[in-house]
Amino acid sequence: MHLLEVNNPVAVQRGVLNAISASNRPESLDNKTVGLIWSGTHGGDIALKRAGEMLQERFENVSVNFYTGGNYPTPPAIVKQAGEECDVIIGATAD
């Protein structure tokens, strides 16, 4: 007699496993430091740099710090550093 074992091929999505709630949003970005985290994927740096420029045009006295993660996902040390140095973080990947 043979035993047939059937497995469900559907896995839990990585985003669900690592999901955390979003932080409270500031009322304004005036006088804030915004961190831009790029994972290294093609085009993400261009999108982030443009977003930083647009924020500086729209809000007063906004500082922008750019962080390069080097690969996907961004290493936790980079995310931690950005969190300690910035009021708001924007992360992006692109292809």
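Just a few scattered comments:
- Enumeration of residues in the stretch 41-95 that are among the aromatic types (Phe, Trp, Tyr) and more than 14 Å from the chain's Cα centre (by Cα): Phe59
- Flag if Ser23 is of a type in the set (Ser, Thr, Tyr), loosely packed, with under 15 Cβ neighbours inside 10 Å and modelled with pLDDT of 90 or more: no
- Search result, residues across the stretch 35-67 that are of a type outside the set (S, T, N, Q) and assigned to a strand (DSSP E or B): Gly35, Leu36, Ile37, Trp38, Val64, Phe66, Tyr67
- Here Asp87 meets each of (1) in contact with a Lys or Arg (Cβ under 6 Å, 6 or more places away or on another chain); (2) modelled with pLDDT under 85 with one exception, condition (2).
- Selection from the stretch 69-95 of residues that are more than 20 Å from Asn24 (Cα to Cα) and either free of Cβ contacts under 8 Å to residues at least 40 places away in the same chain or of a type outside the set (Ser, Thr, Tyr) (or both): Gly69, Gly70, Asn71, Tyr72, Pro73, Thr74, Pro75, Pro76, Ala77, Ile78, Ala94, Asp95
- Contact map, the stretch 51-68: first residue touching a residue at least 12 places away in the same chain (Cβ under 8 Å), second residue assigned to a helix (DSSP H, G or I) and of a type in the set (S, T, N, Q), Cβ cut-off under 8 Å, separation 6 or more or different chains; pairs are Val62/Gln56; Val64/Gln56; Tyr67/Gln81.
The values are calculated or read from the model by the stated rules, or taken from the named source; none is laboratory data. Just so we're clear, the structure is a prediction, and the values are computed from it rather than from any experiment. A quick note on method: Cβ atoms are made from the backbone with ideal geometry, for glycine too, and the neighbour counts reach across all protein chains shown.
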